[in-house]
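The values are calculated or read from the model by the stated rules, or taken from the named source; none is laboratory data. Remember, it's a predicted structure, so these values are computed and weren't measured experimentally. Methodologically, a virtual Cβ is constructed for each residue, glycine included, from the backbone with ideal geometry; neighbour enumeration extends over all protein chains shown. These area figures cover heavy atoms from the full protein model, side chains too; ligands, DNA and RNA do not enter into them. Shrake-Rupley method; radii C 1.70, N 1.55, O 1.52, S 1.80 Å.
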Amino acid sequence: RDGRSDWSSDVCSSDLRDVVKRYAGSKGAEPKLALKGLSFDVPEGGVFGLLGPNGAGKSTLINIMAGLVNKTAGSIEIWGHDIDRHPRNAKLSIGIVPQEIVFDPFFTPFEVLENQGGMYGVARALRRSDELLRAVRLEDKRNAYARTLSGGMKRRLLIAKAMVHSPPILVLDEPTAGVDVELRRQLWELVGELNAEGVTVVLTTHYLEEAEALCERIAIINHGELIANKPTRELVGMMGEKVVAITVDEDIATLPDDPRFRKCERAGERVVEITYDKSEMTAGQVLALVQQQGFTIADVTTREADLEDVFVQLTSQVGEPA
Ligand code: ADP
Ligand code: MG
């Protein structure tokens, strides 16, 4: 596939139906129902976020997609290949960057990529090891021992390793968990570059900010259940409440009041913050009511609910899948 596909296209890069995972409890531990029947598609060409708190089932799900963990029930197609019927084609279509960093410390980055290419049956002439090292900015470390790389370099090498067979889908499991701000920025940039080249990216994260910044679409999972799956903008806009901060031209003696205001709070001598429900009224109506009550408005700012608000709202509605 060449070029970047239109995000609005309904072509699916992966299709998951009723995926269940039950881990057998070992040594007296209870069996764990980690995925309780998840269904969703990952559209082609974008950056798709799988967001959820620790233990939600994110790693389980993507390890199943990558063929590293067996599912208990359900079906999955990766780039049109059923993972049970055509496991080899499915595996060739996906590259995975695991959550844990594991390397043989005695290989150089170049060797790591060459070995991985060999494992995927990529002919020597078609291997892209040097190109990938440049892409992840490790060309200087081509011949260094992997054990001498910093944590950030190792993570970048893992991304290159996941791309040796040029899969159309790249999955990153918590790429920025526990990394510093600078490395996070670098990784975000790298994800953006790969995506711009046409790679469909799936990433798991428990950072709301990261999902909001990187992903066009976000699926939220909690306790092995899908609780939302929407374009990021829609998810953020889903919150009913909006806040408008109004500055008036004299000190406020009595706060404005209306039964439709959800909240009305003083935020300064001349500033009042009014929370309202977007489905009940508009900011214009809020302002009109405030004016009718004798205030002269000097300035107005509004604040949309952010993903944090949405997440808290959705994850607190236990057993009510969206
Ligand atoms: P996340 O990646 O969202 O943090 P995981 O997929 O790692 O979540 O885990 C989901 C649930 O499955 C957790 O309760 C976890 O303890 C459990 N789990 C994960 N791996 C195993 C395993 N190999 N054996 C038993 N339980 C597991
Ligand atoms: Mg995980």
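When you scan segment 205-228, how many residues do you find that are assigned to a strand (DSSP E or B), within 14 Å of ligand 2 (Cβ to nearest atom) and under 25 Å from ARG185 (Cβ atoms)? Spell out the reasoning first.
Filtering segment 205-228 down to residues assigned to a strand (DSSP E or B) leaves 205, 217-222, 225-228.
In the following step, the residues that additionally are within 14 Å of ligand 2 (Cβ to nearest atom) were identified as 205, 221-222.
Okay, now just the ones that are also under 25 Å from ARG185 (Cβ atoms), so 205.
Result for segment 205-228: 1.
Every listed requirement among (1) open to solvent by 30 Å² or more (accessible area, probe 1.4 Å); (2) of a type in the set (Val, Ile, Thr); (3) at pLDDT 90 or above; (4) assigned to a strand (DSSP E or B) is met by VAL272 save one, (1). Applying the set (1) surrounded by 15 or more Cβ atoms within 10 Å (Cβ to Cβ); (2) over 18 Å from ALA211 (Cβ atoms); (3) more than 16 Å from ligand 2 (Cβ to nearest atom) to LYS27 leaves exactly one unmet item: (1).
Does ARG17 count as open to solvent by 20 Å² or more (accessible area, probe 1.4 Å), basic (Lys, Arg) and assigned to a loop (DSSP other than H, G, I, E, B)?
Judged against the criteria, ARG17 is not a match.
Just the residues that are part of a loop (DSSP other than H, G, I, E, B) and surrounded by fewer than 16 Cβ atoms within 10 Å (Cβ to Cβ), please, taken from segment 275-290. Selection gives LYS278, SER279, GLU280, THR282.
In segment 167-204, the residue that is nearest to ligand 2 (Cβ to nearest atom) out of those that are assigned to a loop (DSSP other than H, G, I, E, B), in contact with a helix residue (DSSP H, G or I) (Cβ under 8 Å, 6 or more places away or on another chain) and closer than 21 Å to MET65 by Cβ is GLU174. Number of residues in segment 238-267 that are out of contact with any Leu (no Cβ under 6 Å at 6 or more places or on another chain), open to solvent by less than 30 Å² (accessible area, probe 1.4 Å) and either over 23 Å from GLU212 (Cα atoms) or outside any loop (DSSP other than H, G, I, E, B) (or both): the value is 8. Cβ-Cβ distances below 6 Å connect the following pairs, each with a first residue in segment 208-229 that is open to solvent by 40 Å² or more (accessible area, probe 1.4 Å), a second residue that is among the basic types (Lys, Arg), and a separation of six or more residues or different chains: GLU225/LYS36.
Suppose the filter is touching a strand residue (DSSP E or B) at 6+ places or on another chain (Cβ under 8 Å), modelled with pLDDT of 95 or more and open to solvent by less than 70 Å² (accessible area, probe 1.4 Å); does ALA34 pass it? So ALA34 fits the description; yes. Scanning for something buried (at least 19 other Cβ atoms within 10 Å of the Cβ) and small (Gly, Ala, Ser), does segment 66-81 turn up at least one residue? There is at least one residue in segment 66-81 that is buried (at least 19 other Cβ atoms within 10 Å of the Cβ) and small (Gly, Ala, Ser). If you go through segment 37-82 and keep only what is in a helix (DSSP H, G or I) and more than 10 Å from ligand 1 (Cβ to nearest atom), you end up with just MET65. Screening GLY95 against (1) modelled with pLDDT of 95 or more; (2) within 16 Å of ligand 2 (Cβ to nearest atom) leaves a single unmet condition, (2).
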